[in-house]
2 protein chains.
Amino acid sequence: MSDIKQSNVDVLVIGAGPAGVIAADWLARFTKYGVKTRVIDKRSHKVFTGQADGLNPRSLEMFQSFNLMGKIGSEANPMNEVSFWAPNENHGGIERSRRIPDTIPGISRYVQSVLHQGRIERHIIDDMLEKSNGTMKIERGVLPESLEINDDLIDEDDAYPVKVGVRQLSEEESRPKLASKHGEVESGLYKSNLIKDEEDDVEFNPNVPVGDKEIINAKYVIGADGAHSWVRRQLGFKMVGEGTDFVWGVVDGVPITNFPDIRCRAAIHSNAGSLMVIPREGKIVRLYIQLNLTVDEGGHVDRSLITPKMLMEQAKAVFHPYTIDIPEIIWYTGYQIGQRLTTEYAKNNRVFIAGDACHTHSPKAGQGMNASMADTYNLCWKIGHVLSGHAPRSILDTYESERRPFAEHLIMNDAQLAKLFSGKPLSSAELNELGIDMKEFETVLEKGISFFLGTSIEYFNSAATANGKDGRLASKQELATKVPVGQRFPSFQVVSQFDGRHFHLVDTMFAEGQFTIVLFAGNMENPVHRQRLETIAQRLDSDDGVVSKHTPNNRERDSIIDIKTVHCGNRVNVEVHDFPQPTVYPPGTYNKLYVDDVSYHAGHGEAYKNYGISEEAGAVVVVRPDHFVGLVTSLDGAGFDDVETYFSNLLKTVPAGERNSAKDIKVIPQPKIN
Amino acid sequence: MSDIKQSNVDVLVIGAGPAGVIAADWLARFTKYGVKTRVIDKRSHKVFTGQADGLNPRSLEMFQSFNLMGKIGSEANPMNEVSFWAPNENHGGIERSRRIPDTIPGISRYVQSVLHQGRIERHIIDDMLEKSNGTMKIERGVLPESLEINDDLIDEDDAYPVKVGVRQLSEEESRPKLASKHGEVESGLYKSNLIKDEEDDVEFNPNVPVGDKEIINAKYVIGADGAHSWVRRQLGFKMVGEGTDFVWGVVDGVPITNFPDIRCRAAIHSNAGSLMVIPREGKIVRLYIQLNLTVDEGGHVDRSLITPKMLMEQAKAVFHPYTIDIPEIIWYTGYQIGQRLTTEYAKNNRVFIAGDACHTHSPKAGQGMNASMADTYNLCWKIGHVLSGHAPRSILDTYESERRPFAEHLIMNDAQLAKLFSGKPLSSAELNELGIDMKEFETVLEKGISFFLGTSIEYFNSAATANGKDGRLASKQELATKVPVGQRFPSFQVVSQFDGRHFHLVDTMFAEGQFTIVLFAGNMENPVHRQRLETIAQRLDSDDGVVSKHTPNNRERDSIIDIKTVHCGNRVNVEVHDFPQPTVYPPGTYNKLYVDDVSYHAGHGEAYKNYGISEEAGAVVVVRPDHFVGLVTSLDGAGFDDVETYFSNLLKTVPAGERNSAKDIKVIPQPKIN
């Protein structure tokens, strides 16, 4: 053992899929505060075909919080419309029964989209590289082999209680042995849930020369290593849930067809079985095809029966009277529908699992990647604040308490949808018989869509959410009726006081780890409102104020708690030097002061109205680093007592002499006009 | 001579500034048709500070035609507002007199923006690399030394009549000698118009060992080599125009100020002189400062008097009663206001000059880069079509006939604006005295803004524009009253028939060299309109139709003339298989059929109404490769006669046996539903 290289790291991320790269990209943002992160993945090659690719609006909002939608948005294919197809009672073939938008209009500025997982990971990894100033990379072909937690060290902040033994694989070994082709067609079966954990492990048993070994001592480990998660199995957590007898196949390719909705998400119930069309980037289309395969008593499916030819024959039967051909199938796979959830998410708040390692379900609702990324997006700003010394380790409890209820909800929805989708369609004459009612199917799908959009996720069971439950701090929800505490902060357009440009409010607060206190300050033309803001500003400028109290003097003043002011009224009747310096308006900054007013080129955002905030009373909204709403309260002393309580519960208090002080900021005097 | 390396190239671009890189990026799009382009620049280093940076909406539309606005848009700083400041009659300092939007609302989806020239060039060069499949690069440190045109070869299509001798400079020699610093501050004086041509040449006189020489034989040469253009001087073209006595200085830096409009384009007339504020990316601001410097009898200014300190002293006097300081000036320069235009644009349609080589004017209106890029954007698709064999060389006549009138217009506007801007402000009591009336100043600036936005440029004197002038083909302008022939095609939202997504219509026709015939086909629910489209489709499917006639069988059918159909009415009442195959609806394509209907997420584009097209009559619009309108005509036989005439005048006719034929496209039968 003494010959083996040893190293220390703050966070070790195991697995560079969607959950892993989001973890890495978050933690990259803490590099500048000294947080060191490594990311390993056992495979040597990236995903090039197939795999998950559905992005719901919430995931796109999350990308935009990292300022990535310029790039990702220009490549993704929005899925605009869902059309439903059912058997025609006369000719027996399919006919369109209705169409609806895939994304409920108005719910987000983004719509459900599709982009290849490899491209998404590429953009996130590029961002990680940039944000970490080139210091982070993905270490591929590195296999974890052992994991131990030293119980004596788990409560020591500066200790490295997790010991992970890893081995650098040879190029040959790190290529999946189970990967195969059917003729020229890439098969994804080796990654599907038709593979058992044991089969997945066998891939990496060392029958090639042993590569370099290393012991990594980590403060924290994140297992983002997929449905067959090795980390989860080391921790002894179980996946609990049910499989079904339903087996589905998937093909990707460019179709030749006279089916008119080939560029829509088409949900087809036919007499020959069910099928879902997912339009993808370029002219590629994915077909999810229900198969007539049986599952044996051991729960196994004969994978060899699933071939491109068999899948297309089934698809053709479903599409009748329309014709479809895919001259070149570029990828195919199969899977068995089932829903499973891990018994635990974290061990000692030192080792966490995330993504498919925690929850698996059917892929058709396009939730896998979204749910996985949302896990680590929730977790890693918390780890970042703990490691940079600003938050106590107790904040990590909120990972499981926030993400498990979501996963339960997801699995329930998915099971219901999958069951309906795999059932036989019924003619209207058979409506009261056994089977699936098309109306019910569509209603459930519509309801499911609303959940699957991701914008209504609620973290109700958490210390980071002031919703008054279980004795926690309560919000004054009535002051911002459309900003539900515990849900993501919705975004509406505001206008910069400085130059009249319009912005989505959340685009003024890109996710770098900071909390944001948004002061909806009322009408700055009104002297009473100006005085109210002045009073709050004095409290914020104080060395006992919430900013100084939680920000050490070696950190930028707005890097832990940022203040944005959104006033209402008429922009041109207010001057920037009417705003109180320096915390509310730090001189020389142009991204703190906004107004809910009409813009020159994009109309009026009506932010106060859309947030349900009164122009007279105003409101204070605390937005978490992940853009979820932590607290809604009042624009007065009592409200600021709540703000201070909120942060005291969540962040460490900096000792008096070491605080960042507003007194160090040079104020610019108002112009002397007379 | 025989030892000197010789090589052939289709196009040699001299100069890799804005005009040069746009030329390169256009020509990169013709690489796939065998067109070879080289780009040389005498300097070894790129522009890092200072230089032009104003982008008008038309330039942004041009970038978007190359699909670059995702990247450029996310970096550019929109200049949203212009504010006017004038002396207050009581305290003598400045006060705001009014504010207006910098871009007339509704004129374009983009607004005036600012981005550093180096970043813009970077994005365009990246695109050139991608579009040329990695085959093109910018050859830096290469100095042209001789240029000869062989008159005997100028009419031969396949000849290389232009011989350019070039020399690879040493690293030392290719760094501008005149470049200098004032203390730590980068000076741009060596590139300003305070330098004479002779001084610019002296830089490169070889007093270092001679580098590698090469003779480049080119079919075409583009001189995009700036105001001191070496190419222009080789051709013997003169710059004609006037200088003025007005001298201005420029500084870039991050200011500390209580001037409230520091993030607006502020046009300040003060008793101490004039000044313009240009907000730039990040927190950088540029100040254009009128100086109290005199020009001596030889027209020379003592450049040594222009220092950062002197510029800031003048700026501070202008801003009173506001305070301003720029602790670190990052770049400064000076220039003398003048407007000059070249006597000729092209020699034998073989050597062209473009950009600052053709026209110079004052930089304050931010037109330099825009006008330069628009020159080569106009020229290079024409060269591309000539070189790939599809257009006769006569199309190149339209470069000067289209771009010279624009330059004349530009220079006239600029002279008027510059004179007004450099004049002394007058109190209202002095309105009838000598000098400048503030009202007149603001009116001229407002009018100038409308021109400077670039969206109203009209090519009225050109064979590529069917406007009926000088005996040319006439359009039926009344059928599309808001699509002025000879101006850029405005863009409005339409909806894809396939998936209901909304698009800006021009985003369905990214510039790859193709002309687009837009069929505003009327209401596809109406059998009469469907039959009308069917009749046109049959004509388009014919081997004598306009597509086959001008497209050889080795080119994609839609690569020279593309057809887009925009119908009106209700999308959901029409099926894609109602459209005629294969030219109008080539099966397997999803980017040909659109509808002017309401979208799910972005309202109704009202394209017919905004284009001034009747839903009953419809219209045909021919859009040129540079997105200017070539022809507006009727949706009938007479209209298609005009369409055919338009293309016969502009493109070569492919011999009958070599044409791309609609018969080669496999039609997909309609589904058999009964």
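Just so it is clear, none of the values below were taken in a lab; they were calculated from the coordinates. Quick caveat, the model's predicted, so the values are computed rather than measured. Neighbour counts are summed over all protein chains in view; Cβ atoms, including those assigned to glycine, are modelled from backbone coordinates with ideal geometry.
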- request: With 21 Å as the limit, write out which pairs from B:K592/B:K663; A:K549/A:K663; B:K131/B:K382; B:K137/B:K238; A:K71/B:K283 have Cα-Cα distances beyond it, or answer none.
  value: B:K137/B:K238; A:K71/B:K283
message: Please give the charge dipole size of segment A:477-664, origin at the Cα centre, charges +1 on K and R Cβ atoms and -1 on D and E Cβ atoms. Round to the nearest 20 debye.
response: 320 debye
message: Return the chain A residue and its Cβ-to-axis distance, rounded to the nearest Å, for the rotation relating A to B.
response: A:G70, 3
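Relative to the Cα centre, what is the charge dipole magnitude of segment B:243-338, using +1 at the beta carbon of each Lys and Arg, -1 at the beta carbon of each Asp and Glu, and rounding to the nearest 20 debye?
Numbers: 8 positive and 10 negative charges, 78 e Å.
The dipole of segment B:243-338 has a size of about 380 debye.
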message: Can you show me the helix-derived [θ] at 222 nm for chain A, built from DSSP H runs with n ≥ 4 at -39,500 (n - 2.57) apiece and divided by the number of residues, rounded to the nearest 500.
response: -7500 deg cm²/dmol
query: Expressed as cubic angstrom per residue, what is the convex hull volume of the alpha carbon set of the protein assembly as shown?
result: 211 Å³
- request: Determine ³J(HN,Hα), in whole Hz, for all residues of segment B:348-362 in sequence, where each value follows from phi through the Karplus function 6.51 cos²θ - 1.76 cosθ + 1.60 and θ = phi - 60°; x replaces Gly and Pro.
  value: 6, 6, 10, 10, 10, 10, 8, x, 4, 4, 9, 8, 10, 6, 7
message: Spelling out what I want: for every residue of segment B:647-658, take phi, set θ = phi - 60°, compute 6.51 cos²θ - 1.76 cosθ + 1.60 (Karplus), and round to whole Hz; glycine and proline get x.
response: 6, 5, 6, 10, 10, 6, 9, 7, x, 3, x, 10
message: Using the Karplus curve 6.51 cos²θ - 1.76 cosθ + 1.60 with θ = phi - 60°, what ³J(HN,Hα) values do you get for each residue of segment A:82-90, in whole Hz, with x for Gly and Pro?
response: 9, 10, 10, 10, 9, x, 7, 6, 7
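Percent antiparallel among DSSP beta bridges with both residues in segment B:531-672, to the nearest 5? Each step should come with its number before you reach the end.
Values: 6 of 10 bridges.
Once the DSSP bridges in segment B:531-672 are tallied, antiparallel ones form about 60 percent.
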message: Amide H of A:I94 versus every other amide H placed in the peptide plane: which residues, excluding those fewer than 5 positions away on the same chain, fall under 5 Å?
response: A:N88, A:Y322
- prompt: Under a 5 Å amide H to amide H cut-off, with H placed in plane at 1.01 Å, what residues pair with B:F246 once short-range neighbours are removed?
  reply: B:I337
field: With 5 Å bins from 0: P(r) over segment B:243-338, alpha-carbon pairs, percent
entry: 3, 13, 26, 25, 17, 9, 5, 1, 0
field: segment B:76-143 versus segment B:230-277: alpha-carbon centroid distance in Å
entry: 14 Å
- prompt: What is the magnitude of the charge dipole of chain A about its Cα centre, with +1 placed on the Cβ of each Lys and Arg, -1 on the Cβ of each Asp and Glu, and no other charges, expressed in debye to the nearest 20?
  reply: 920 debye
field: Using a 7 Å Cα-to-Cβ projection, A:G612 label spacings across copies, nm, ascending
entry: 4.8
- line: The answer for the net charge of residues other than A:R167 whose Cβ lies under 10 angstrom from its Cβ, with Lys and Arg +1 and Asp and Glu -1, is -2
query: To one decimal in nm, how far is A:V572 from the same spot in the other copies, if labels go 7 Å from Cα toward Cβ? Please give the shortest first.
result: 4.3
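If neighbour count is taken as other Cβ atoms inside 10 Å, put B:W230, B:W85 in order from fewest to most. Display every interim value, and only then the final one.
Details: B:W230 22, B:W85 25.
The order, fewest Cβ neighbours first, is B:W230, B:W85.
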task: Mind checking which of A:Q314, A:L293, A:M276 is farthest towards the positive end of segment A:243-338's charge dipole, using Cβ charges of +1 (Lys, Arg) and -1 (Asp, Glu) about the Cα centre?
output: A:M276
- prompt: Hey, what did segment A:243-338 get for relative contact order, percent, Cα under 8 Å, at least 6 apart?
  reply: 46 percent
- prompt: Given a cut-off of under 8 Å on Cα pairs at least six residues apart, what relative contact order in percent is computed for segment B:453-550?
  reply: 13 percent
statement: With the dipole of chain A defined by +1 on each Lys or Arg Cβ and -1 on each Asp or Glu Cβ, the option from A:Y594, A:I124, A:M373 whose Cα lies farthest towards the positive pole is A:Y594
message: Using a label point 7 Å beyond Cα on the Cα-Cβ vector, give me the inter-copy distances for A:K482 in nanometres, one decimal, shortest first.
response: 2.9
- prompt: Taking amide H positions as placed 1.01 Å from N in the peptide plane, with prolines and chain starts having none, which residues 5 or more places from B:S274, or on another chain, fall under 5 Å of its amide H?
  reply: B:Q290
Pairwise centroid distance, computed over Cα atoms, of segment A:329-388 with segment A:287-328, Å: 28 Å
field: Calculated on alpha-carbon atoms, Rg and Dmax of chain A in Å
entry: 26.8, 91
message: I need two numbers for segment A:477-664: Rg to one decimal and Dmax as a whole number, Cα atoms only, in Å.
response: 15.3, 48
message: At a threshold of 8 angstrom on Cα-Cα distance, excluding pairs fewer than six apart, so keeping six or more, what relative contact order does chain A reach in percent?
response: 14 percent
